[in-house]
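To start, the structure under review is shown below, and the notes come after it.
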Amino acid sequence: ALVFSMFMVRPSPLCVLDEVDAPLDEANVHRFVSFIKEMSARTQFLMITHNKASMAAADTLVGVTMPQPGASKVLTVSLQDAVQHAV
């Protein structure tokens, strides 16, 4: 709450959040995601998460996989593009 109150007074162009939604229950995750969407008009958020509800609310997903030992591969998926291809 303290970090977000500072952002409301003096917004930053970028904020990195690492697993901040992990301790939240499902109802509070939805509240948190709504708040992040509201604040994203002024700040770009990079959120590291394993929460499916948080990922579903994102515009773009970026993941790292290791198809072969020692060789990482970065995957980027735009959810808007994925929905258009699925329809």
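The values are calculated or read from the model by the stated rules, or taken from the named source; none is laboratory data. Everything quoted here is computed from the prediction, not taken from an experiment. Virtual Cβ from ideal backbone geometry, glycine too; neighbours counted across all protein chains shown. Accessible surface is based on the protein model in full, side chains and every heavy atom, while ligands, DNA and RNA are left aside. Shrake-Rupley method; radii C 1.70, N 1.55, O 1.52, S 1.80 Å.
For P(r) over Cα pairs in 5 Å bins from 0, in percent, the listed values are (i) 3, 11, 21, 24, 20, 13, 5, 1; (ii) 3, 11, 20, 21, 18, 13, 7, 4, 1, 0; (iii) 3, 15, 29, 28, 18, 6, 1, 0; which was obtained by calculation from the structure presented?
Here P(r) over Cα pairs in 5 Å bins from 0, in percent agrees with entry (ii).
For region 1-52, which trypsin sites (Lys or Arg not before Pro) pass both filters: DSSP loop (anything but H, G, I, E, B) and at most 14 other C-beta atoms within 10 Å? Walk me through the numbers on the way to the answer.
Details: sites: 31, 37, 42, 52; in loops: 42.
Passing sites in region 1-52 are 42.
Can you tell me the orientation of helix 26-39 relative to the chain, as the angle in degrees between its alpha-carbon axis and the longest Cα principal axis, to the nearest 10?
Once rounded, the angle reads 80 degrees.
Run the accessible area of the chain with a 1.4 Å probe and give the carbon-and-sulfur part as a rounded percent.
Numbers: 4000 of 6680 Å².
In the chain, the share of accessible area belonging to carbon and sulfur is 60 percent.
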